[in-house]
1. Please compute the length gained on full extension between Q89 and E12, using 0.36 nm multiplied by the number of residues separating them and subtracting their Cα-Cα distance.
2. Cross-link partners among lysines for K124, C-alpha distance below 25 Å, same-chain residues fewer than 8 apart left out?
3. Where does the charge balance sit around E1 when Lys and Arg score +1, Asp and Glu -1, over other residues with C-beta under 12 Å from its C-beta?
4. Excluding same-chain residues fewer than 8 positions from K72, which lysines have a Cα within less than 18 Å of its Cα?
5. Positive end of the charge dipole of the chain (Lys, Arg +1 and Asp, Glu -1 on Cβ, about the Cα centre): tell me which of L9, A114, S59 has its Cα farthest that way.
6. Grab the DSSP H runs of the chain that are 4 residues or longer, score each as -39,500 (n - 2.57), total them, divide by all residues and round the 222 nm result to the nearest 500 deg cm²/dmol.
7. Count the net charge of all other residues whose Cβ sits under 12 Å from the Cβ of V13, scoring Lys and Arg as +1 and Asp and Glu as -1.
8. With point charges of +1 on the Cβ of Lys and Arg and -1 on the Cβ of Asp and Glu, referenced to the Cα centre of the chain, which listed residue (H136, S25, I68) lies farthest in the positive direction of the dipole?
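What follows draws every value from the coordinates through simple rules; no lab data is involved. All values derive from a computational prediction rather than experimental measurement. For neighbour counting, all protein chains shown are included, and Cβ atoms are generated from backbone atoms with ideal geometry for every residue, glycine included.
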Amino acid sequence: ELRRERDRLRDEVERMQGAASSWNSERAKLQTEVDDAKIAAAAAVRASGSPASGGLMQSRELITLKEIINKKDKEILDLRDALDAKDRQILDARDKVREQERQRRELDEKVLNAERESLGHQEKIEALMADKDVWHEREKGLKGRLEDAQRKLARVDEDLQTTRKRLETEATRGEAAL
C-alpha cells in the first residue's frame, strides 16, 4: 500500500517538475518578448523623439506581458511549493516503509525464535517418547522376571511343604517304631 502511494507521489512529483519546466520555458519566452518590446519601444522613442500612439500601444503590451510574467512566476512558485510538499510526503512514505520493514524483520525474528523453541520442544518430546518406550520394555522385562521369581518361589514353597509333610510322616513313623 505504501509502495503504491510512494509510486503515485513520485509520478505526481515528476508531473509537477515537468509543469515547472514548461512554465520556466514559457516565462523565458515571455521575458524575451518583453525585452524585445522594451528594445522596440526605446528605438521608437529615439526615432520620434517622444512616444507616439504606437509607443503607447507598445507600453500597454509591455505592461500586459509583465503581468503575464508575474502570474507565471506566481504559478511557478506555487508549483515549487507543491513539489516540496510532495517531496516531504515521499520522504515520509519512505520512512514509513522503512519502519514497516523494521517491524517485519522483528516479527520474522520472533517467528524464527518460536520455530526454534518449537523444534527444541519436539526434540524433547521425541526423547521422552523414546525413554517411555525403553521404560515400558524394562517394565515388561521386570514383570516377567518377577513372575518367574514368584513361580520359582511357589515351587520352592510347594517343595518345602512336600518335604515337611514327608519329614513329619517319617518322624511319626520313627516315633511309632520306637
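1. This chain segment gains 26.6 nm when fully extended.
2. List returned: K110, K132, K140.
3. +3
4. In chain and number order, the partners are K29.
5. Of L9, A114, S59, it is S59.
6. -37000 deg cm²/dmol
7. Taking every other residue near V13 into account, the sum is +1.
8. Final value for the positive-end residue is I68.
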